[in-house]
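Let me begin by presenting the structure, written as structure tokens, before commenting on it.
The values are calculated or read from the model by the stated rules, or taken from the named source; none is laboratory data. Treat the numbers as computed from the prediction; the structure is a model and nothing was measured. Note that we place each Cβ from the backbone using ideal geometry, even for glycine, and neighbour counts take in every protein chain shown.
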């Protein structure tokens, strides 16, 4: 079993809990997924990953591989599926690894947890994680893939420009004003008055 930069399973679990914020069976499931991908890819390639969920899997990939959201080697295309494409960043050739729902039924604790068939308070975390580790790579399907060539394009580094509306820097490709001022993104905050902030 490969644990990425970690020397043991226990060390990985400890860092997973610190990084992810809790003990996460999805992070253990991801450990086995990443190992399936490693076995199928040629050694020594420079790997990128497209993760198909924003949940536990993305955090585990960042711990187990050099691929992170910040360095752009990990991209998230949120289909909501527990799956990921691991590929050679130069050729685009790789493998998609996905969870096999039929095989998961052979491991009742894992199946009940993943499909939320019983309330979280009634789940046995130890039994779930043990089930995942017993099942290991058998829980996954894999198939060879080639990513779309446009995914491989390296975007040139262009200096930011200053938005004439808000005065903040943004990529010029976004248009004459930043996306926030265009209303192109949903509003996720509103400003509070200084007085209201002090009272709180």
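I'd like the full set of residues that are out of contact with any helix residue (DSSP H, G or I) (no Cβ under 7 Å at 6 or more places or on another chain), under 21 Å from residue 80 (Cβ atoms) and either in contact (Cβ under 8 Å) with a residue 12 or more places away in the chain or surrounded by 15 or more Cβ atoms within 10 Å (Cβ to Cβ) (or both), limited to the stretch 95-127.
Of everything in the stretch 95-127, those that are out of contact with any helix residue (DSSP H, G or I) (no Cβ under 7 Å at 6 or more places or on another chain), under 21 Å from residue 80 (Cβ atoms) and either in contact (Cβ under 8 Å) with a residue 12 or more places away in the chain or surrounded by 15 or more Cβ atoms within 10 Å (Cβ to Cβ) (or both) turn out to be 96, 98, 112.
Hey, any hits in the stretch 149-156 for a residue that's at pLDDT below 95, surrounded by 13 or more Cβ atoms within 10 Å (Cβ to Cβ) and over 25 Å from residue 27 (Cβ atoms)?
yes
Which of the residues belonging to the stretch 1-47 are over 21 Å from residue 110 (Cβ atoms), touching a strand residue (DSSP E or B) at 6+ places or on another chain (Cβ under 7 Å) and touching a residue at least 60 places away in the same chain (Cβ under 8 Å)?
40
Give 64, 57 a once-over and let me know the one that is in the same structural domain as residue 137 (by TED's automatic domain parsing), over 21 Å from residue 120 (Cβ atoms) and surrounded by 21 or more Cβ atoms within 10 Å (Cβ to Cβ).
After applying the criteria, what remains is 64.
Do we have any residue at all in the stretch 130-137 that's outside any helix (DSSP H, G or I) and either surrounded by 15 or more Cβ atoms within 10 Å (Cβ to Cβ) or modelled with pLDDT of 95 or more (or both)?
no
Scan (1) in contact with a helix residue (DSSP H, G or I) (Cβ under 7 Å, 6 or more places away or on another chain); (2) closer than 12 Å to residue 25 by Cα for the single condition residue 130 breaks and write down its number.
Checking residue 130 against (1) in contact with a helix residue (DSSP H, G or I) (Cβ under 7 Å, 6 or more places away or on another chain); (2) closer than 12 Å to residue 25 by Cα, the one that fails is (1).
Inside the stretch 149-175, can you point out the residues that are closer than 17 Å to residue 49 by Cβ and in contact (Cβ under 8 Å) with a residue 12 or more places away in the chain?
151, 152
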